[in-house]
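Quick notes on the structure that follows.
The values are calculated or read from the model by the stated rules, or taken from the named source; none is laboratory data. All figures in this text were calculated on a predicted structure; none of them were measured in a lab. Here the Cβ is made from the backbone with ideal geometry for all residues, glycine too, and neighbour counts use every protein chain on show. Side chains included, ligands, DNA and RNA excluded: accessible areas come from the protein's heavy atoms. Shrake-Rupley method; radii C 1.70, N 1.55, O 1.52, S 1.80 Å.
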Amino acid sequence: MTHPRSAGSGSRRIPLFGILAALALGGASAADPASDFKPTPLSSQPDRDAGLRAFSEIERVLKHPRCLNCHVPDAPLQGNQAATHFPPVQRGKDGRGQAPLQCTTCHSIQNSPLLHAPPGLAKNGKPDWHMPPAHMKMNWVGLSGTALCRAVRDPKTNGGKSLAATEEHLVNDPLVAWGWQPGPGRELPPLDKAAFDERIREWIRNGAPCAPGDAPPTR
């Protein structure tokens, strides 16, 4: 998925010294994206029903808290119950929070080994925890089925991504991969990462349909 996300399995509060200790200890960080990405080609005989079934599985992941907690209107959520984020941060123009509560105040370059402590992620050796930016919020709250599919597929609502770029993001982006390495105390998405990636490819191979009769989108 998916973001200043303190995505614990509950609304447990951690004192400041605990947060600082968590950042100092560190944990496993997400891997860099693969450099040899090749877009999935469209089948010469796409099976729309197979594509729709594939997206129904993708939807289960996108609506899981590991993704949905940051695909929200303005303030991130946390935990498996989508609790109000503590502290009360806001998206900010660039998706990295508003001063003085910017994402990197608590989210470092690695997950903490402490239960429910702030997770972390690195890019080029620097903290990279963020939500989508304000000009392209990618808010999925209340969306399901066809509406969610089209929000993911349409460049007007997915951050300006082509279908190939969307595939690369979902399959290779470290922030998406973090959902399967979220640190202790956090529930994993309902599909494993390999199965999720294969459903993405199956959806695209069969024309990335969002509804019966959809024409294949422009790549």
Starting from the amide H of residue 112, placed 1.01 Å from N in the peptide plane, find each other amide H under 5 Å away whose residue is 5 or more places distant or on another chain.
120
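So which trypsin sites (Lys or Arg not before Pro) in the stretch 35-98 end up in coil per DSSP with only 15 or fewer other C-beta atoms within 10 Å? Intermediate values should be presented prior to the final figure.
Working: sites: 48, 53, 60, 63, 66, 91, 93, 96; in loops: 63, 91, 93, 96.
Passing sites in the stretch 35-98 are 93.
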Would you grab the residues whose amide H sits under 5 Å from the one on residue 123? Only those 5+ places off in sequence or on another chain, please, with H modelled 1.01 Å from N.
128
Give the ranking of 167, 187, 202 by solvent-accessible surface, highest area first, calculated with a 1.4 Å probe.
187, 202, 167
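What is the stretch 69-219's relative contact order, in percent, from Cα pairs under 8 angstrom and six or more apart in sequence? Show your work: numbers first, answer last.
Working: 213 pairs, mean separation 28.4, N = 151.
Reported as a whole number, the value is 19 percent.
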Mean 1/r over distinct Cα pairs of the stretch 45-135, inverted to a Kirkwood Rh in Å, yields 14.7 Å
Could you list the trypsin sites (Lys or Arg not before Pro) in the stretch 128-167 that lie in coil according to DSSP, counting only those with at most 13 other Cβ atoms within 10 Å of their Cβ?
156
Karplus-derived 3J(HN,Hα) from phi for the stretch 180-197 (6.51 cos²θ - 1.76 cosθ + 1.60, θ = phi - 60°), whole Hz, x at Gly and Pro, runs 9, 9, x, x, x, x, 10, 6, 7, x, x, 10, 6, 5, 4, 5, 4, 4
Counting sequence-distant residues (5 or more places) and residues on other chains, those with an amide H built under 5 Å from that of residue 83 are 78
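Using only C-alpha positions, report the orientation-averaged shadow area of the convex hull of the stretch 82-219, nm², one decimal. Don't jump to the answer; show the numbers that get you there.
Working: hull surface 37.3 nm².
The number I arrive at for the stretch 82-219 is 9.3 nm².
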Accessible area of residue 42 in the full protein assembly, 1.4 Å probe (Å², nearest 10)
80 Å²
Furthest towards positive pole of dipole, 116, 211, 139, structure part the stretch 90-219, Cβ charges:
139
